[in-house]
Amino acid sequence: MNKNHINIPSILKIEKGVTGRIGTYLKEADLTEVTILFGNGLIDMFGDTVFKSCEEAGVSILHHQEMDTVDFNDITDLAFQIPNKTKAIVGMGGGKVIDAAKYIGFILQIPFISVPTSSSSDGFSSSSASLTIGGHRRSLPAKLAFGILVDTDVIKSAPVRFLYSGVGDMVAKISSTYDWQHEEDLGYTEVNDFAFMIAKKAVNSFVRTPFESINEELFLKELLDSLAMSGIANEIAGSSAPTSGSEHLISHALDLLLEKPQLHGVQVGIGTYIMCKICDHRYQRIDTVFTKTGFWDFCATLDLKAQDYCDAIDMAPQIKPHRHTYLHEEKYRELAKKLIAEDPKLKAILK
């Protein structure tokens, strides 16, 4: 899909101390009357800082509340309860509240400000929202963030599992771009070269970052910068193809199959290693990143089942029948299931 005009965030701040400057950034963008949605428990943690920042900048908070649901009906009901004077909707928290605020911004056609408190996925920068419809998570068109405000001090304070999820979701761009090129080679689609380049540059910048600890400022900033770039790649392409391929189909299938799925980025990361290993595409680099960050060690604590991943691989083509990833071909599904049974890295985490 070619577009003559693309949206990009007008505000992009990924650095220390951002939470205490939220009001200033809103004021500079003339967003002086806002509604703020917080993730569960986050008003106690960050409310005073955010409220003080807005008050000092002359920004009125017309409504604020905590939100812990991605149910489509709950979110659409809330959208029409938002004060009419609201100039922007701010979502501060994890994936649930970001998706909720993003979709409300889309419905009301007002700017959405993304303030993630964890690095679990690229959802804070994407233009789609993962909502629950009929008991299952679905990806719906939403609104690209007008502003992305990420406080690296806040990211450091989040549980480490969210960092591992972010690592998995970021590394997934290695397999998603490979899938996208495969689709074009077979005549199923046309790759947008610029979107492809952005997605590749994002993941390459991340996986080549030197680090000793995943809590280092440089590592966190590279991860968050790269996740933000991924959302822009999707906006350019007009779809999620640059950042979502076979590995995401595995994760989406697991979401449907399991009563309690793991974090999205964890499932996606494992799916990425599987797909890249069977395609002989940069799997050594993925293994290096997963080993050095501790991703593999974390996965080994999760009681993951090999059969669940095999079932998800079989279901994968049904998730997006309009796509043609490697998993849409039986040959690669069989190779993927064989790998799960034989690969030492996978045998160590999938029981």
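The values are calculated or read from the model by the stated rules, or taken from the named source; none is laboratory data. Treat the numbers as computed from the prediction; the structure is a model and nothing was measured. Glycine also receives a Cβ, built like all others from the backbone with ideal geometry; neighbour counts cover every protein chain displayed.
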**Asked** Hey, among Asp303, Asp308, Asp280, which residue is among the acidic types (Asp, Glu) and touching a helix residue (DSSP H, G or I) at 6+ places or on another chain (Cβ under 8 Å)?
**Response** Asp308
**Complete:** In the stretch 163-174, residues that are hydrophobic (A, V, I, L, M, F, W, C) and within 11 Å of the chain's Cα centre (by Cα) total 3
**So Thr19, is it in contact with a Ser or Thr (Cβ under 8 Å, 6 or more places away or on another chain) and β-branched (Val, Ile, Thr)** = yes
**Asked** Taking the stretch 45-69 as the search range and keeping residues that are within 26 Å of the chain's Cα centre (by Cα) and at pLDDT 95 or above, which one is surrounded by the fewest Cβ atoms within 10 Å (Cβ to Cβ)?
**Response** Gln65
**Request:** Only helices (runs of 4 or more DSSP H) wholly contained in the stretch 258-308 count here; list those with 2 or more residues that are among the charged types (D, E, K, R) and touching a residue at least 12 places away in the same chain (Cβ under 8 Å).
**Result:** 283-293
**Residues satisfying the stated conditions in the stretch 174-211, i.e. within 24 Å of Glu329 (Cβ to Cβ), of a type in the set (Gly, Ala, Ser) and surrounded by fewer than 24 Cβ atoms within 10 Å (Cβ to Cβ)** = Gly187
**Asked** Restricting attention to the stretch 317-335, and to residues there that are of a type in the set (A, V, I, L, M) and within 24 Å of the chain's Cα centre (by Cα), which single residue is farthest from Leu186 (Cα to Cα)?
**Response** Ile319
**Item:** Exclusive hit being under 21 Å from the mean Cα position of the chain (by Cα), of a type outside the set (S, T, N, Q) and either modelled with pLDDT under 95 or surrounded by 15 or more Cβ atoms within 10 Å (Cβ to Cβ) (or both), set Leu31, Leu26, Leu42
**Value:** Leu42
**Prompt:** Can you name every residue in the stretch 330-345 that is more than 11 Å from Ile278 (Cβ to Cβ) and of a type in the set (A, V, I, L, M)?
**Reply:** Ala341
**Message:** Please pick out the residue among Ser128, Ser120 that is surrounded by fewer than 24 Cβ atoms within 10 Å (Cβ to Cβ), in contact (Cβ under 8 Å) with a residue 40 or more places away in the chain and not assigned by TED's automatic domain parsing to the domain that holds Phe295.
**Reply:** Ser128
**Item:** Subset of the stretch 77-96 [free of Cβ contacts under 8 Å to residues at least 60 places away in the same chain and not hydrophobic (A, V, I, L, M, F, W, C)]
**Value:** Asp77, Gln81, Pro83, Asn84, Lys85, Thr86, Lys87, Gly91, Gly93, Lys96
